[in-house]
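Notes follow once the structure below has been shown.
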Amino acid sequence: MPFIEVPALPEPMRLDPARSAVVIIDMQRDFLEPGGFGETLGNDVSLLRRAVEPCRALLAAARAAGMLVIHTREGHRPDLSDAPPAKVMRGNPVLRIGDMGPMGRILVRGEMGHDLIDELYPEGDEPVIDKPGKGAFWATDLHSLLINRGIESLIVCGVTTEVCVHTTVREANDRGYRCLVPGDCCASYIPEFHEVGLRMIAAQGGIFGWVCESADLVAALD
Ligand code: C5J
């Protein structure tokens, strides 16, 4: 597929689909379903559902265009040796990371809650990056996986906008990747943070990247 141009802020973005990857951040039960990490922190997890259908449609278009699709999951080793005490002990949640909840141990790899939601489950050999932090580059092999495939632009989707999506976009920007964020493919427990988070990406001439509507991206990939 030749270069595509996507209407975006702060300006239209030109993308080479062969050198671009879709990165879906943390669309896990622990964040989207009742009884998981997100709910233990006092959040209304239903607020994240709005990103599911736009992500599903974008994934279908990206797969049809032959693009690389990568999924991430936030979580920790069962012995929590990669979980900073500052993260485990913060706040006053109903259950802490590692505690047993209705979907297994909270934010622990291999548990039901840690896995991706059925609607956005990886297909074929799509890589899944297990990350202990907020950013998808910290303590993972994502950067080498992208370099080795000649990827220069990322389409970053998922949850939550101002936390793991933002951290990943910032990390990617410093590593030289051009990032496009389809805003409706992201969501937050705090809707105003979602809105401001998207504005922060595209502000100052696109200080972290570009922001678009997923329908425009899907149409460009068609
Ligand atoms: C959070 C995430 N919010 N995936 N993780 O702790 O945004």
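Brief remarks follow.
- Test for L198: is it assigned to a helix (DSSP H, G or I) and of a type in the set (A, V, I, L, M, F, W, C): yes
- Pick from the stretch 136-160, criterion of a type in the set (G, A, S) and under 14 Å from the mean Cα position of the chain (by Cα), ranking: surrounded by the most Cβ atoms within 10 Å (Cβ to Cβ): A136
- Answer residue from the stretch 112-158, given it is within 30 Å of E195 (Cβ to Cβ) and of a type in the set (S, T, N, Q) and is nearest to the ligand (Cβ to nearest atom) among those: T140
- Index of the failed condition, T161 passing every other in (1) within 16 Å of the ligand (Cβ to nearest atom); (2) in contact (Cβ under 8 Å) with a residue 40 or more places away in the chain: (2)
- Pair list, Cβ < 6 Å and 6+ apart or interchain, from the stretch 4-23 residues that are without any contact (Cβ under 8 Å) to a residue 12 or more places away in the chain and on the phi < 0 side of the Ramachandran plot to residues that are surrounded by fewer than 15 Cβ atoms within 10 Å (Cβ to Cβ) and in a strand (DSSP E or B): P12/E5; R14/E5
- Taking the criterion of being farther than 20 Å from D130 by Cβ and within 12 Å of the chain's Cα centre (by Cα), the residues of the stretch 161-178 that qualify are T161, E162.
- The listed residue being buried (at least 23 other Cβ atoms within 10 Å of the Cβ) and over 27 Å from S46 (Cα atoms), out of A187, A172: A172
- Every residue from the stretch 175-184 that is buried (at least 23 other Cβ atoms within 10 Å of the Cβ) and either within 24 Å of V45 (Cβ to Cβ) or basic (K, R) (or both): V181, P182, G183
- Scanning the stretch 178-197 for residues that are touching a Ser or Thr at 6+ places or on another chain (Cβ under 6 Å) and either more than 16 Å from the ligand (Cβ to nearest atom) or within 17 Å of Q28 (Cβ to Cβ) (or both) gives R178, P182, D184, C185, C186, S188.
- Top-ranked residue in the stretch 17-65 [being polar (S, T, N, Q) and in a helix (DSSP H, G or I); ranked as farthest from the ligand (Cβ to nearest atom)]: S46
- Count of the stretch 66-108 residues which are out of contact with any His (no Cβ under 8 Å at 6 or more places or on another chain), within 12 Å of the ligand (Cβ to nearest atom) and on the phi > 0 side of the Ramachandran plot: 1
- Residue that is nearest to the ligand (Cβ to nearest atom), among those in the stretch 164-177 that are under 20 Å from M27 (Cβ atoms) and not charged (D, E, K, R): C164
- Cβ pairs under 6 Å, 6+ apart, first in the stretch 191-206 and in contact (Cβ under 8 Å) with a residue 12 or more places away in the chain, second surrounded by 16 or more Cβ atoms within 10 Å (Cβ to Cβ) and of a type in the set (A, V, I, L, M, F, W, C): L198/V211; I201/V181; I201/F208; I201/V211; A202/L9; A202/V211
Taken together, the values in this text are just the output of simple stated rules run on the coordinates, not laboratory data. These numbers come from a predicted model, not from an experiment. Cβ atoms come from the backbone with ideal geometry, glycine included; neighbour counts cover every protein chain shown.
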